[in-house]
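Trainee: Questions regarding the structure given below will be posed in turn.
The values are calculated or read from the model by the stated rules, or taken from the named source; none is laboratory data. Note that this is a predicted model, so its numbers are computed, not measured. Neighbour counts are summed over all protein chains in view; Cβ atoms, including those assigned to glycine, are modelled from backbone coordinates with ideal geometry. Heavy atoms of the whole protein, side chains included, go into the accessibility calculation; ligands, DNA and RNA do not. Shrake-Rupley method; radii C 1.70, N 1.55, O 1.52, S 1.80 Å.
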Amino acid sequence: TAPRPEGQIAALRRAYAQAGFSSATVGLIEAHGTGTVAGDQAEVQALTTYFDEAGAERQRCAIGSVKSMIGHTKAAAGVAGLTKVALSLYHRVLPPTLGVTEPNPKANFPSSPFYVNAEARPWVQGDPSLPRRAGVSSFGFGGTNFHVVAEEYTGNFLPKDGAVLDPWPAELFIWRGRSRAEILEATSALLRKLEQGAQPRLADLAYTVTLQSGRATDDQATLSIVADSMSDLVEKLRTAQTLLQSNAERQHTPQGIHYAEQPLVAEGQIAFLFPGQGSQYVNMARDLAVLFPKVRAWFDQADHVLAERMTPPLSHSIFPPPAFSPEVERLQQAALTETNTAQPALGAVEVALYHLLRSFGIEPQMVAGHSYAEFVALCVAGCFNEETLLLLSEARGRFIREGATEESGTMAAIDASPEELRPLLAGPDVTEANRNAPRQTVISGARASVEQAIERCAE
């Protein structure tokens, strides 16, 4: 009755021999994962041994178990695991395994082909010729070892929509009217019903309210509220009542309440400003890549374009395996901050968001970029195509990295105007490098000189 790695390895060998491809191409393993010491240890040992034999790369295959979400389910466990994997392939999303705060150190995941996936992540596949593949294990008493191999469908009847998130993290409510009084009346009526105990689903209510408002016209007053729960909506409706009674033509609060007597877009044009190096962070746009197939598909393309230039793939640096310690988080952020990674990563994310906004009907009349992102602005303005942007970004970042030495100097951003700063920049080897904002100036120069300038500023 004790689990044995030898029997499980035999099941794995038979499964992949029948499937006709190497386990090194698998991106997700739905483990038997009962949570028992002997069972989990034997399973990880078997998987690691077999995948290592196939030459699988380090930490490139997500591993988890649906049992952490629904319990063991006994005879239904294998069917539950297969259902989870089928949906993962269908939506191209790596689903989370819940409840993992620290993976078992005996599994030695950092040195294995596997990582525990504790958060929903886009399943990015940089090789268009290689479909997404997954394995499902189900191991029973007495040596009944089963492993099923699944591969995504890539034919003509692919789904048009992405994964469904219900509920969404927040909902948008829009009221339009011929006057302030009309909006005040509509929101007051809704607030009364909610305070009296009405409990519609937040998403349903947002859909109904916005649908009733109709399409925008140039002469309509508009109130919009972003709420993440029914209690949040009630609180913001109360705040909105006060704002609407103030007679101000425009009201905007950081909490997500916006009112305008006339549509703001009627007064001007839309501009997109793309942020430059320094704005990158681990998992940027991950939620959007999970929910919107167009966003995820762009990361597929970015990995494919840069496949021969970047190891690991670009998406692996943007969406690394979940970190279970502050130290790993710091290492992941440091890796993404490196110029040779940060620049193509920002380019990929910003183009993905540009396409997403356009799919919503939001088109810019002007584009601009800060620092590196001038290249992104040039790309979306039509000066060169997106593949060129990726290749240019990778090359530019690599050249900067290769040319850097300890003597290359450093930069610092200081909250001061150039006029305030100049008297403190003594010496020829510190210079004003960039004016980020009226009261933020970037200086550059030799490392020791910049550090002295920082000290003078602090004093």
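Trainee: Among bridges DSSP assigns within the chain, what percent are antiparallel (round to 5)? Walk me through the numbers before you get to the answer.
Mentor: On the way: 35 of 48 bridges.
Given both bridge residues lie in the chain, the antiparallel proportion sits at roughly 75 percent.
Trainee: Then there's this: Based on the inverse mean of 1/r over its pairs of different Cα atoms, what is the Kirkwood hydrodynamic radius of the chain, in Å? It would help to have the intermediate numbers written out before the result.
Mentor: Numbers: mean 1/r = 0.0384 Å⁻¹.
Answer for the chain: a Kirkwood hydrodynamic radius of 26.0 Å.
Trainee: Ok, one more. Give me the Å³ per residue figure for the convex hull around the C-alpha atoms of region 106-262.
Mentor: On the way: hull volume 40.0 nm³, N = 157.
With only Cα atoms used, region 106-262 gives 255 Å³ per residue.
Trainee: Treat each spin label as a single point 7 Å out from the Cα along the C-beta direction, and report the residue 87 to residue 185 distance in nm.
Mentor: For the pair residue 87/residue 185, the computed spacing is 4.5 nm.
Trainee: Further question: Once both labels are modelled 7 Å past Cα along the beta-carbon direction, what's the residue 366-residue 74 spacing in nm?
Mentor: 6.9 nm
Trainee: If you don't mind, there's one more thing I want to ask. Do any trypsin sites (Lys or Arg not before Pro) in region 192-252 lie in a loop, going by DSSP, with at most 16 other beta-carbon atoms within 10 Å of their beta carbon, and if so which?
Mentor: On the way: sites: 192, 193, 201, 215, 236, 238, 250; in loops: 201, 215.
For trypsin sites (Lys or Arg not before Pro) across region 192-252 that sit outside H, G, I, E and B with at most 16 neighbouring Cβ atoms in 10 Å, the list reads 201, 215.
Trainee: I would also like to ask the following. Roughly what % of Cα-Cα distances in region 233-286 sit above 17 Å, to the whole percent? It would help to have the intermediate numbers written out before the result.
Mentor: Values: 853 of 1431 pairs.
Result: 60 percent of Cα pairs exceed 17 Å.
Trainee: Taking a ≥ b ≥ c as the square roots of the eigenvalues of the Cα gyration tensor of region 36-97, is the shape rounded (a/c under 1.5), prolate (a/b larger than b/c) or oblate? Write out the running numbers ahead of the final one.
Mentor: On the way: a/c = 2.23, a/b = 1.22, b/c = 1.83.
Here region 36-97 falls in the oblate category.
Trainee: Work out the FRET efficiency for residue 38 and residue 130 from their Cβ-Cβ distance, taking R0 = 30 Å, and round it to the nearest 0.05. Each step should come with its number before you reach the end.
Mentor: On the way: r = 35 Å, r/R0 = 1.17.
The value I calculate is 0.30.
Trainee: What's log10 of I(q)/I(0) for region 190-346 at q = 0.08, 0.09, 0.21 Å⁻¹, Debye sum over Cα points only, no solvent?
Mentor: Evaluating at q = 0.08, 0.09, 0.21 Å⁻¹ gives log10 I(q)/I(0) of -0.42, -0.53, -1.26.
Trainee: So what's the gap between the Cα centers of region 289-360 and region 77-94, to the nearest angstrom?
Mentor: 24 Å
Trainee: What does the helix-only formula give at 222 nm for the chain: each DSSP H stretch with n ≥ 4 adding -39500 (n - 2.57), the total divided by the residues, and the result rounded to the nearest 500 deg cm²/dmol?
Mentor: Details: 16 runs with 192 residues, N = 459.
Helix-only estimate at 222 nm: -13000 deg cm²/dmol.
Trainee: Something else now. Please work out the Cα center distance from region 384-459 to region 95-137, rounded to the nearest Å.
Mentor: Answer, in whole Å: 39.
Trainee: Which shape class, rounded, prolate or oblate, goes with region 1-136 when its Cα gyration tensor gives a ≥ b ≥ c as root eigenvalues, a/c under 1.5 marks rounded, and past that a/b bigger than b/c marks prolate? Display every interim value, and only then the final one.
Mentor: Numbers: a/c = 1.31, a/b = 1.11, b/c = 1.18.
Cα axes put region 1-136 in the rounded bin.
Trainee: Moving on. Can you tell which of 397, 381, 418 lies farthest toward the positive end of the dipole of region 350-431, using +1 and -1 charges on the Cβ of basic and acidic side chains (Lys, Arg; Asp, Glu)?
Mentor: 381
Trainee: Continuing with this model, one more query. Size of the dipole of the chain about the Cα centre, Lys and Arg at +1 and Asp and Glu at -1 on the beta carbon, nothing else charged, in debye to 20? Don't skip to the end; give the middle numbers.
Mentor: Working: 38 positive and 51 negative charges, 281 e Å.
With Lys and Arg at +1 and Asp and Glu at -1, about 1340 debye.
Trainee: Kirkwood Rh, region 184-234, all Cα pairs: how many Å?
Mentor: Working: mean 1/r = 0.0830 Å⁻¹.
Result for region 184-234 stands at 12.0 Å.
Trainee: With a cut-off of 8 Å between alpha carbons and a minimum separation of six or more residues, what is the relative contact order of region 374-459 in percent? Mind showing how you got there, number by number?
Mentor: Numbers: 87 pairs, mean separation 22.1, N = 86.
Reported relative contact order: 26 percent.
Trainee: Also, quick follow-up: Kindly report, to the nearest 10 Å², the accessible surface of residue 454 as traced by a 1.4 Å probe over protein heavy atoms only.
Mentor: Spelled out: residue 454, probe radius 1.4 Å, area about 80 Å².
Trainee: How far apart, in nanometres, would the label points at residue 384 and residue 335 be if each is projected 7 angstrom from Cα along the Cα-to-Cβ direction?
Mentor: Simple spin-label model gives 2.8 nm for this pair.
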